[in-house]
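The values are calculated or read from the model by the stated rules, or taken from the named source; none is laboratory data. Keep in mind that what you see is a predicted model, and the values were worked out from it rather than measured. Quick reminder, even Gly has a Cβ in these numbers, built from the backbone with ideal geometry, and neighbours come from all protein chains shown. Areas reflect the complete protein model, heavy atoms only, side chains present, ligands, DNA and RNA absent. Shrake-Rupley method; radii C 1.70, N 1.55, O 1.52, S 1.80 Å.
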Amino acid sequence: MSQENVALIRGLYDAFAIGDVPGVLGMMSPDIVWHEAENFPYADGNPYVGPLAVAEGVFARCGSEWDGFAAVPAEIVDGGDTIIALGHYHGTYKATGKTMKAQMVHVWRIIDGKVTAFQQYVDTLHVAQVIAAA
């Protein structure tokens, strides 16, 4: 099942990269528990429970507040039912015009071919510097 889990997460990033939010949400369990990193701007809704909460509390904000927002995994680590992605976020924060390249780690938990849990780790200092007004 492990290779299927890696393929699921690769597919999730691929779908997100082309803006296929319904496709991404379809890979999630109806009761997914999603945690943004502590001190990340979108952690104010932690935990997000269910795909709709993730779409409204995280994805909609990424789309409305950033130009070219992308989560780009450089490596995906196969841990069986736990898949870890290491990479960077990219984008330009609309309100400041500052660009970001923030290191990220995503921990995905998968049961029966659906993402049941997500934990984000990210360079929150860099993100805070990008979104802060000069």
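Test of understanding: what is the full-extension gain from T99 to V77, defined as 0.36 nm times their sequence separation minus their Cα-Cα distance?
Taking T99 through V77 to full extension adds about 5.2 nm, to one decimal.
Taking 8 Å as the Cα distance limit and 6 or more residues as the minimum spacing, I'd like the relative contact order of the chain as a percentage.
25 percent.
Express in Å², to the nearest 10, the accessible area of H90 obtained by rolling a 1.4 Å probe over the protein heavy atoms while all chains stay in place.
Spelled out: H90, probe radius 1.4 Å, area about 60 Å².
Can you tell me how much longer the chain between H88 and I111 gets when fully stretched, taken as 0.36 nm per residue apart minus their C-alpha distance, in nm with one decimal?
5.7 nm
Could you tell me how many degrees, from 0 to 90 and to the nearest 10, lie between the Cα long axis of helix 2-17 and the main elongation axis, the longest principal axis, of the Cα atoms of the chain?
On a 0 to 90 degree scale, this one is about 30.
With the contact rule set at Cα under 8 Å and sequence spacing of 6 or more, what percent relative contact order holds for segment 12-85?
24 percent
So I have (1) 9.1; (2) 8.5; (3) 7.1, and one of them is mean projected area of the Cα convex hull in nm² calculated from this model. Which one is it?
Given (1) 9.1; (2) 8.5; (3) 7.1, the calculated one carries the label (3).
Exactly which GluC sites (Glu not before Pro) in segment 26-82 are in a DSSP loop and have at most 13 other Cβ atoms within 10 Å?
Passing sites in segment 26-82 are E38.
How far apart, in nm, are two points set 7 Å out from the Cα along the Cα-to-Cβ line at C62 and at E4?
Output for this residue pair reads 2.5 nm.
Can you give the FRET efficiency for D14 and A133, using 1/(1 + (r/R0)^6), R0 = 30 Å, r = Cβ-Cβ distance, to the nearest 0.05?
Efficiency, from the Cβ-Cβ distance: 0.30.
At what distance in nm do the modelled label points of N39 and A53 sit from each other, each positioned 7 Å from its Cα along Cα→Cβ?
Between N39 and A53, the simple spin-label model gives 2.5 nm.
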